[in-house]
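Working notes, beginning with the structure itself.
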Amino acid sequence: MPCIGQLISDDHLRFERDTESDSDTASIHFELASSPTNFEYDHDEATVPLHQKIRSKIEAHERFYSLEFFPPRTKDGAANLLNRMDRMNKGKPLFMDITWHAGMRSASNSVSSSMTVASSAVNYLGIETLLHVTTNKLSKHDLREVLNIARSHGIRNIMALSGDNHSHSEFRYSSEFVAWIREEFGRCFTIAVAGYPEGHPDSTYEDSLVHLKQKVDAGADFIVTQLLFDVDRFEEFIRDCESYGINVPIVAGILPIQNYDSLRELKKLARNGTI
């Protein structure tokens, strides 16, 4: 695996880092070429899909964790983030996930886009990466382009989300988005979806379980919960999922509390302190 300070080049992606500087904000340059039309990614016997890795860890009662990152806004921020991801990868997280901002900017070849960060993590850091994709402000044509770009750069894991504003999406529910991905791309991607141990802010707890079952039936491979702080609530959520016939792996979403003010802000965004 090439180190992060090297020049790396191929037909699809170019990554360059200023090796003369030890700073976390050293210069960085990316070029994402357009997706090759004849590229077809598929899981093979040598590659264990992420959801199977998670299930194996759970069944073996082995501890594991993942890390989530928000894409930076600047070139220096991208260099800093990739260096930190490289260092944190030494702690052997099972995967890292990259969040998404509404619209096509997150799929652009900007140095700080979600797509560029995720692609760099996969191709140059060797990190199992989960890319968030929201349908908000994207048409089916846009989403097809987004997923084709992701596939062309070896991104195998997608977190399928509907976003905050359904009026700006061709999909009313995430389950529809999951079903569409399966129809368009088959088993090319491992698909994760969101779960709500405290219930979705726009529905009852029971309705949120019904919708979660619909997402799994549509083709979701595993669930990542929204943030929660109550272990008993999480265990109850797992039992409730089982009673609804939801049998895919479930991963708890946890955010370290840095201070009281940040906790108050989180509580504003969700019911009962859960986003």
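The values are calculated or read from the model by the stated rules, or taken from the named source; none is laboratory data. Not measured: the values here are computed from a predicted model. Virtual Cβ from ideal backbone geometry, glycine too; neighbours counted across all protein chains shown. For accessibility, only protein heavy atoms count, side chains too; no ligands or nucleic acids. Shrake-Rupley method; radii C 1.70, N 1.55, O 1.52, S 1.80 Å.
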- Note on the structure: Residues of the range 188-209 being within 17 Å of the chain's Cα centre (by Cα) and either of a type outside the set (Gly, Ala, Ser) or in a helix (DSSP H, G or I) (or both), in sequence order, are Cys188, Phe189, Thr190, Ile191, Val193, Tyr196
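Quick check: is even one residue across the range 68-79 open to solvent by less than 90 Å² (accessible area, probe 1.4 Å), in contact with an Asp or Glu (Cβ under 9 Å, 6 or more places away or on another chain), touching a residue at least 24 places away in the same chain (Cβ under 8 Å) and polar (S, T, N, Q)?
There is no residue in the range 68-79 that is open to solvent by less than 90 Å² (accessible area, probe 1.4 Å), in contact with an Asp or Glu (Cβ under 9 Å, 6 or more places away or on another chain), touching a residue at least 24 places away in the same chain (Cβ under 8 Å) and polar (S, T, N, Q).
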- Query: Out of (1) open to solvent by less than 30 Å² (accessible area, probe 1.4 Å); (2) in a helix (DSSP H, G or I); (3) not acidic (Asp, Glu), what's the single condition that is false for Leu125?
  - Reply: (2)
- Is it true that some residue in the range 222-231 is at pLDDT below 95, open to solvent by 50 Å² or more (accessible area, probe 1.4 Å) and either more than 28 Å from Arg55 (Cβ to Cβ) or of a type in the set (Asp, Glu) (or both)? yes
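Conditions tested, residue by residue: (1) under 21 Å from Ile98 (Cα atoms); (2) at pLDDT 95 or above; (3) open to solvent by less than 40 Å² (accessible area, probe 1.4 Å).
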site	(1), (2), (3)
Ile155	yes, yes, yes
Asn165	yes, no, no
Ser174	yes, no, yes
Glu183	no, yes, no
Cys188	yes, yes, yes
Val210	no, yes, no
Ala220	yes, yes, yes
- Query: Which number in (1) at pLDDT below 95; (2) within 15 Å of the chain's Cα centre (by Cα) marks the one condition that Phe95 misses?
  - Reply: (1)
- Query: Hey, among the residues in the range 244-275 that are assigned to a helix (DSSP H, G or I) and open to solvent by less than 90 Å² (accessible area, probe 1.4 Å), which one's modelled with the lowest pLDDT?
  - Reply: Leu266
- Task: Scan (1) assigned to a helix (DSSP H, G or I); (2) open to solvent by 40 Å² or more (accessible area, probe 1.4 Å); (3) under 30 Å from Tyr124 (Cα atoms) for the single condition Gln214 breaks and write down its number.
- Result: (3)
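Condition check ((1) among the hydroxyl-bearing types (Ser, Thr, Tyr); (2) part of a strand (DSSP E or B); (3) at pLDDT 95 or above) across all residues:
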site	(1), (2), (3)
Ser106	yes, no, no
Ser112	yes, no, no
Thr116	yes, no, no
His141	no, no, no
Phe171	no, no, no
Ala179	no, no, yes
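Looking at the range 129-142, which of the residues that are buried (at least 20 other Cβ atoms within 10 Å of the Cβ) and in contact with a helix residue (DSSP H, G or I) (Cβ under 8 Å, 6 or more places away or on another chain) is farthest from His51 (Cα to Cα)? Talk me through it step by step, then tell me what you get.
Our first condition is that a residue be buried (at least 20 other Cβ atoms within 10 Å of the Cβ); within the range 129-142, this holds for 129-135, 138.
Checking the rest, the ones that are also in contact with a helix residue (DSSP H, G or I) (Cβ under 8 Å, 6 or more places away or on another chain) come to 129-133, 135, 138.
Numbers: Thr129: 12, Leu130: 11, Leu131: 14, His132: 15, Val133: 17, Thr135: 22, Leu138: 26 Å.
The qualifying residue farthest from His51 (Cα to Cα) is Leu138.
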